[in-house]
Structures are given as structure tokens and as C-alpha cells.
Amino acid sequence: LTDAEVLRLRSDFPALAAEVNGQPLAYLDSAATAQRPASVLDAEREFLLTSNAAVHRGAHTLAGLATEAFEDARATLADFLGADPDEIVWTSNATDALNLVAYAIGNASRGRGGEAARRFALSAGDEILVTEAEHHANLIPWQELAAATGATLRFIPVDDAGIYTLADAAAALTERTRIVAIGHVSNVTGFVAPVAEIAALAHERGALVVLDACQSAPHRRLNVAELGVDFLALSGHKMLGPSGIGVLWGRAELLNALPPFRTGGSMISTVTMTEASYLPAPQRFEAGTQPVSQAVALAEAVRYLDSVGLERIDARENELAQRMLAGLALIDGIRVVGPAAGVPRAGLVSFDVDGVHAHDVGQYLDAQGIAVRVGHHCAQPLHRRLGLTATTRASAYVYTTTEEVDRFLAAVALVRPYFGVTATTTTGAQA
Ligand code: PMP
């Protein structure tokens, strides 16, 4: 993607034309939530205007149109991941998808799901392995599962930059590891995990692999067969789609053996006053009314990403991240976390400004129309490991211009002088 192409496609994103505090908006917070192209907004509106109805039930024409649109969207997402439509479960976001897996395994561990689900059951001494860099969404559900089953939660430690190696992962796997739950791309460091390699090692020990693809699905081409994982979670709102929709992908054979997490309407085959039998996947995991217009719009977002090309998006974002790293390295008192400059990474950079709290950095940038994220980014253990309570994160996406990155760098250079901080403990150091 060239600057000229990015400038052209920006007109697809009405929200980016905003002014903030008298300045043109520089939206560098796409890792939290992305702006949506008009085609995605229009797709949702069009569906609501022409096809809105409850899906799967109802004999009327609109119900048929709604069901068709909903299932077409599922097929689009399946295609996007190199999967089968029956392996795509709609959820409300990635958090919901990860909870679904953890709680369904908890149910299997209580004996639910019968013989077929025995393979998932955890008991005392079994191990669940995560990393020290996980987003809370891929940590706390596993803490709860460990507490519910007596399993032990272990983690792959990270180094001073917040990253780990395949050797670190191999060292943390044991004969008792039953589940390995890792993030594909860190939302704090931009580190890209060696997923396929870790999955191969985990499978040698018979463990299941759960991938949090929240920060990778928006930016790089994913293929579940190549990744070699068993479950994958993503959120629509980070990939140009609506909020309120996410996806859990799982291997068909596993999904059909896993007991449901939520129960209720639309997920059953027969119900008596004392028991119920469940539909195959994906319906067995889709209890209740689903986010139908959101699914339709998410499919449109996927078409948009495909039309630009994920390989090009990924390459462009790495370039912008390298530009941020190079620029930040020239500014006194900045400590960047994550992989060293030059290492391919996602298009986000988190950093600490010596002597200035991240919230003040965020406010200073906002006054100039520059939107960044500040805080622990739902990764408190990682920040604790790095000796920081909060960082400032700038994240790029398909619509980010070089000029926005340069505006951001120029503004960051003025933060410490603005707050009157002169003593320097770090100089453009890469942590
Ligand atoms: N995992 C990662 C790596 C994330 O960045 C996020 C969003 N910040 C999530 C999980 C959770 O996503 P959601 O809030 O959409 O469920």
C-alpha cells in the first residue's frame, strides 16, 4: 500500500474526516477499535431496511432472506479463515468466544456432554498454559477454568521486552499440558507469536491449542490449517466491522464433541421437562437471538479487507511501525516495549515516557487531535513484568497515513518539555 493509495481509500471512512480539538483527527487507536468503511455501515442498514427478521424460524419471506444473509455471512467468514461454515460460531466478541471455550471445557469437566466430551475433561494435576503477555480476555477465563477443575494454570514467561521464544514455549510445555491458550499478536508489544510451531509442540503432547487472533485477524491473512490450532477467537470491531459480533472458529470434530456453554432457544433438537438434546455445531453454541445485522456487516468488512489485500495491509503497517520506532528512538526519555527495531511486527507501538504518566501523554496528544490508547491495555501482568503501570500505545491500520505518524512523533517529542521534565534516565532506549 502506498501513501497515495491510503489517501484514496481514506475517503471510504467517514469518521476519519472529523476534527478533534480544532485539529484534523489522527486516529492511532485502531488496535482498540477500528473505524468502519461506509460500505460496512451501508450493508448493515441495507439488511435492516430489506431483510430484518428472526433467523432460522418462521415461514415468511423476510425470515428466509434474513437466514440467507446470516448464513452467507458465516460462509464469508469461513472462507476468510480457510474453514468450513459449520466451524464458525457467532459470538458477541473475542472475549465471549474465549469464555465459550473455557466454560464449555468446564462443563465437560463436570461430566456434561457424555462420552464424546470426556476428551476435554480436566482434573487436578492437568495444566493450562498461557503466556505472561496475554490480554485479560485470554487469561481470566483460564484462571476460572483452573479454579473450577483443580487444574494448574502455568505461563510462558516473557523477557524484559515483553516477548518470548519458541524455546521458552517448549520449556513450559509438560506431559500434563492439556490446553495452550496464546495470543497471535500482542496488543501491547506487537510481537507475533510462532503459532504453528507452538501448536505442533502442543499437539505432540496431546494438548488443545486456543488462539486469540484479535490483533492478527484484522491485519494478516489467517488460515486455520496453516496455523494448526484447534480454536480461534476474533472480534468484528477491530477489523472494520461492527461491535457486538465476534467469531469462535473450532475444528468441526471438536465443536461437535464439546458440550454447550449457553443454553436456551435455537440450539436444541428436542426438549422435555427434564432434559434436552442439542443440535450439532455451530447452532449448539448459538443460544438465543443472534447479532444478525452485525454478522452481515462483518462479512462486508471482510470483503473490504480482501479487496485491499491483507498482505499489503500487513506490510504497510510493519513499515509504519518501523517508522514509529525509528522516530521514537530519537526522542529523549522514551522506552519502547516489544521486539527490537527491524524485527517484523504488527503496526502498533507501546512506550513509556520517562517522568510523564501515560494519561498525561494521552491528553497532551488528544489536545492536538491525535488519538492513542493509554493504560495497561488489559494486560496487567505484562505491565507488571515490564516494571510499568501504564504505557501509551499508537496503532496503525489500513487508513493510517505517514503524515499522521509524523504528526504523532513530532507531538511526542514535545511531551517531556511541555511537562517540564528534563532529567533523562533513558535515551531512545529500546527495552
Ligand atoms: N485479545 C486481544 C489481544 C485484544 O487486543 C482484545 C481487545 N483489546 C481482546 C482480546 C478482547 O477483545 P473484545 O474486547 O473485542 O472481546
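The numbers here are math on the coordinates, done by the rules we state, and not lab data. This structure is a prediction, so every number in the text was calculated from the model and none was measured. Ideal geometry is used to build each Cβ from the backbone, glycine not excepted, and the neighbour counts take in all protein chains shown.
Placing a pseudo-label 7 Å from each Cα along the Cα-to-Cβ vector at Ala147 and Ala18 gives an inter-label distance of 3.6 nm. Placing unit charges on C-beta atoms (Lys and Arg positive, Asp and Glu negative, everything else neutral), compute the dipole magnitude of the range 59-186 about its Cα centre in debye, rounded to 20. Result for the range 59-186 is approximately 580 debye, rounded to the nearest 20. Length gained on full extension, Arg176 to Ala413, computed as 0.36 nm times the residue gap minus the Cα-Cα distance: 80.4 nm. Converting the Cα gyration tensor eigenvalues of the range 213-322 into ellipsoid dimensions via √(5λ) gives semi-axes, longest first, of 33, 16, 10 Å. Is the range 80-217 best put as rounded, prolate or oblate by its Cα gyration tensor, with a ≥ b ≥ c the root eigenvalues, rounded for a/c under 1.5, and otherwise prolate when a/b is larger than b/c, oblate when not? Taking the square roots of the gyration eigenvalues as a ≥ b ≥ c, the range 80-217 is oblate.
With a simple spin-label model that places each label point 7 Å from the Cα along the Cα-to-Cβ direction, the separation between Gln380 and Ala59 comes to 5.5 nm. Within the chain, the whole DSSP H helices whose Cα atoms reach 15 Å or more along their own axis and whose mean Kyte-Doolittle score is at least -1.0 are 38-50, 61-81, 94-109, 292-308, 310-329, 402-413.
Other residues whose C-beta falls under 9 angstrom from the C-beta of Gly241 contribute a net charge of +1, scoring Lys and Arg +1 and Asp and Glu -1. Which of rounded, prolate or oblate describes the range 230-292 when judged by the alpha-carbon gyration tensor and an a/c cut-off of 1.5? Oblate shape, in that a/c is at least 1.5 and b/c is the bigger or equal ratio. Take every Cα-Cα pair in the range 44-102 and report what % of them are more than 14 Å apart. So the pairs more than 14 Å apart make up 63 percent of the total in the range 44-102. Mean projected area of the Cα convex hull of the range 261-375, taken over all directions, amounts to 12.5 nm². Projecting the Cα positions of His135, Ala63, Ile88 onto the charge dipole of the chain (unit charges on Cβ atoms of Lys, Arg, Asp and Glu, taken about the Cα centre) puts His135 furthest along the positive direction. Counting only DSSP beta bridges with both residues in the chain, the antiparallel share comes to about 60 percent. Assuming charge only on the beta carbon of Lys and Arg (+1) and of Asp and Glu (-1), the dipole of the chain about its Cα centre is about 660 debye to the nearest 20. Taking a ≥ b ≥ c as the square roots of the eigenvalues of the Cα gyration tensor, an a/c ratio of 1.5 or more together with a/b no larger than b/c marks the range 1-131 as oblate.
Per-residue extension of 0.36 nm, minus the Cα-Cα distance of Ala340 and Asp168, leaves a gain of 60.1 nm for this segment. FRET efficiency for the pair Leu49 and Leu7, taken as 1/(1 + (r/R0)^6) with r the Cβ-Cβ distance and R0 = 30 Å, rounds to 0.40.
Here the range 299-420 is treated with +1 on each Lys and Arg Cβ and -1 on each Asp and Glu Cβ, and its dipole about the Cα centre works out to around 340 debye. Between the alpha-carbon centres of the range 83-124 and the range 228-263 there is a gap of 10 Å. Here the peptides 151-163, 349-361 are ranked by packing, the mean other Cβ count within 10 Å, and the order with the highest first is 349-361, 151-163.
Label-to-label distance, Glu275 versus His136, with points set 7 angstrom from Cα along the beta-carbon direction: 4.0 nm. Using all pairs of distinct alpha-carbon atoms, the Kirkwood hydrodynamic radius of the range 142-297 works out to 17.5 angstrom.
Taking a Cβ cut-off of under 11 Å around Glu5, the surrounding Lys, Arg, Asp and Glu residues balance to a net charge of +3, with basic ones at +1 and acidic ones at -1. Each of Ala102, Val40, Leu9 was placed along the dipole of the range 6-159 (beta-carbon charges, centred on the mean Cα), and the one lying farthest toward the positive end is Ala102. How big is the gap, in Å, between the Cα center of the range 163-205 and the Cα center of the range 287-355? Using only Cα atoms, the two centres lie 21 Å from each other. For the chain, the pair-distance distribution built from all alpha carbon pairs, in bins 10 Å wide starting at 0, is 5, 21, 29, 25, 15, 5, 1, 0 percent. When the charge dipole of the range 169-258 is built from unit charges on Cβ atoms (+1 for Lys and Arg, -1 for Asp and Glu) and taken about the Cα centre, the candidate among Ala233, Ile198, Val188 whose Cα reaches farthest toward its positive end is Val188. Net charge of the neighbourhood of Pro344, taken over other residues with C-beta under 11 Å away and scored Lys/Arg +1, Asp/Glu -1, is -1.
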